[in-house]
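The structure under discussion appears below in the form of structure tokens.
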Amino acid sequence: MFIKYAFLVLFVAVMIGVGIYSRRRITGVQDFLLGGRKMGAWMSAFAYGTTYFSAVIFIGYAGKTGWGFGLSATWVGIGNAVIGSLLAWLVLAKRTRRMTHELNASTMPEFFEKRYGSKAMKIVTAIIIFVFLVPYSASVYQGLSYLFERAFGIPFVYCMIAMAVLTAIYLLLGGYVATAINDFIQGIIMIIGIILMIIFVIANPAVGGLGEGIRKLSEIPGDGPGLVSVFSNQPLNLLALIILTSLGTWGLPQMVHKFYAIKDENAIKKATVVSTLFAALIGGGAYFVGAFGRVYLDNQVPVVNGKANFDMIVPMMLEKSLPEALMAVVIVLVLSASMSTLSSLVLVSSSAISLDLLKGTLFPKMKKELVMVIMRMLCVIFVILSLVVALTPNAILTLMSFSWGTIAGAFLAPFVYGLYWKGTTKSGAWAGFITGFGCSIGGTIIYGMNPQYAPNIGAVSMLVSLVVVPAVSLLSSKLAKKDVDEAYGKRLVEAEADI
């Protein structure tokens with residue numbers, strides 16, 4: 001226990017120290033939110049990767065997905081690396097950076113307002129972001145708390161409260177600068193931790209090495225052959241999960257935010273490579289480890305308070321396979337992944353209300369100093385709301401799927417088409433908003449917060465919106481040429497000519 005606490009105290013001290021150091025570099029709203037748009041390649045790549053992967057993947061997703069799909073769950077990690085990272089950087093990064101500069105947009109709600117000439121769209125976007133990022137944040141708190149409760153014996157509730165306080169402290173001190181520096185440190189910890197986790201889980205006698213582990217999986221009664229097949233016995237469900245967790249990042253404001261802040265296009269090229277390799281290792285490694293959950297636990301789902309709890313699979317695996325010192329490293333690994341994600345969620349959500357709703361809509365003459373105060377207050381409010389939701393008994397995978405599906409379903413198509421297609425109309429964007437959002441909410445009402453259906457609902461929401469936006473845009477009145485040309489700007493026109 002001493003080793004665990006020593007690693008934990010050191011980690012907390014470093015995070016707060018970075019926050020104090022970064023505070024000197026915060027001179028205004030742009031510094032607090034975007035780091036002055038001067039973030040380098042490595043900082044941006046690690047910020048993207050550590051925001052992508054949190055306790056949700058290590059605790060909820062890896063365990064539940066590995067139990068259901070076996071080794072084919074690794075495809076989800078591969079999809080995260082190829083679609084969620086590589087293609088996201090190649091398709092979105094340059095264009096997002098250029099257009100947000102042309103429009104002078106600092107947030108996704110502001111982008112939608114200026115791209116489509118709709119203040120109402122900005123208001124709706126801001127509200128959706130603040131409300132529906134809360135369940136995702138709550139799922140991260142739940143994942144952290146399960147692991148800490150198992151490793152330290154500290155009650156679940158106290159773990160979540162401690163994490164909430166820590167997130168608020170270092171984010172309030174240093175904003176995005178502190179977040180980016182801490183993300184870099186946390187990313188290195190995550191790389192070391194996942195490598196150690198893979199080695200020790202596979203080498204543990206319960207698995208007996210890769211070949212023996214695959215054999216044991218294949219011999220599990222009933223499901224065995226599907227657990228070692230290429231695409232499992234549920235290929236459509238697997239595809240839906242890949243779409244949700246990979247393509248979904250294209251429409252999430254906390255992910256796109258990293259493209260706003262990167263300093264130049266040369267940095268984008270380097271960040272693309274670094275981010276993709278990071279995602280392949282972290283995502284692929286986590287799902288690969290989770291695939292052996294059934295072998296570790298003799299095909300018996302963990303039971304907590306009389307109910308099956310898939311979120312406890314990975315914590316129990318780690319407890320059985322790792323020596324004390326390495327367990328401490330893995331605890332810091334999961335903590336690192338989670339704190340970086342939480343800080344990005346809090347920052348994006350607080351800016352949606354303070355910048356886009358209050359100053360951008362209701363009180364345009366509000367002083368910058370007051371905006372900063374309100375933004376910091378909203379950071380605290382968002383953390384508290386997430387904590388309240390996290391205390392509900394919903395499964396981690398369900399909360400995350402609901403949040404990602406709703407937000408990406410609403411924003412993905414209007415954002416991507418808005419970047420590349422001048423023919424995208426205001427009506428088309430609204431249609432994408434409504435159908436994506438409606439599919440997610442409607443599906444959840446019909447099927448409830450059911451982990452069996454949540455990823456499928458999210459995937460369908462995004463795909464439907466991708467079809468609806470161009471269809472309605474072709475049939476509706478076009479935006480004024482002057483407004484479209486202003487949105488694209490001279491640099492984007494020149495870039496298209498080069499292509």
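Among the listed pairs 94/263; 114/359; 269/368, a Cα-Cα separation exceeding 22 Å is found for 269/368. Between rounded, prolate and oblate, where does segment 185-288 land on the alpha carbon gyration tensor, with a ≥ b ≥ c its root eigenvalues, rounded for a/c under 1.5, else prolate if a/b exceeds b/c? Oblate shape, in that a/c is at least 1.5 and b/c is the bigger or equal ratio. Relative to the longest principal axis of the chain, what angle (0 to 90°, nearest 10) does the C-alpha long axis of helix 41-52 take? Around 60 degrees separate the two axes. For the pair residue 307 and residue 377, label points projected 7 Å from Cα toward Cβ lie 3.6 nm apart.
Every helix of 4 or more DSSP H residues in the chain counts as -39500 (n - 2.57), and over all residues that averages to -24500 deg cm²/dmol at 222 nm.
Between the amide H of residue 304 and those of 309, distances stay under 5 Å, these residues lying 5 or more places away or on another chain, with hydrogens modeled in the peptide plane. Residues 348, 467, 140 in ascending order of nearby Cβ atoms (within 10 Å, fewest first): 467, 348, 140. The charge dipole of the chain, taken about its Cα centre with unit charges on the Cβ atoms of Lys, Arg (+1), Asp and Glu (-1) only, comes to about 1360 debye.
Each of the trypsin sites (Lys or Arg not before Pro) that DSSP puts in a loop and that has at most 12 other Cβ atoms within 10 Å breaks the chain; the longest unbroken stretch is 25-364. In terms of other Cβ atoms within 10 Å, 298, 356 run from fewest to most in the order 298, 356.
Cβ crowding within 10 Å, taken as a proxy for footprinting-reagent exposure, orders 453, 296 from fewest neighbours to most as 453, 296. With respect to the chain, whose longest principal axis is taken over its alpha-carbon atoms, helix 454-475 is tilted by about 20°. Using only side-chain charges placed at the Cβ, +1 for Lys and Arg and -1 for Asp and Glu, the dipole size of segment 162-264 relative to its Cα centre rounds to 120 debye.
What shape does segment 92-142 have by the C-alpha gyration tensor, where a ≥ b ≥ c are the square roots of the eigenvalues, rounded means a/c under 1.5, and otherwise prolate means a/b greater than b/c and oblate the rest? Cα axes put segment 92-142 in the oblate bin. Modelled this way, with points 7 Å down the Cα-to-C-beta line, the labels at residue 365 and residue 445 are 4.2 nm from one another.
No value in this document is a laboratory result; all are computed from the given coordinates. Quick caveat: nothing in here was measured; it's all calculated off a predicted structure. Here Cβ is always computed from backbone atoms with ideal geometry, including for glycine, and neighbour counts include all displayed protein chains.
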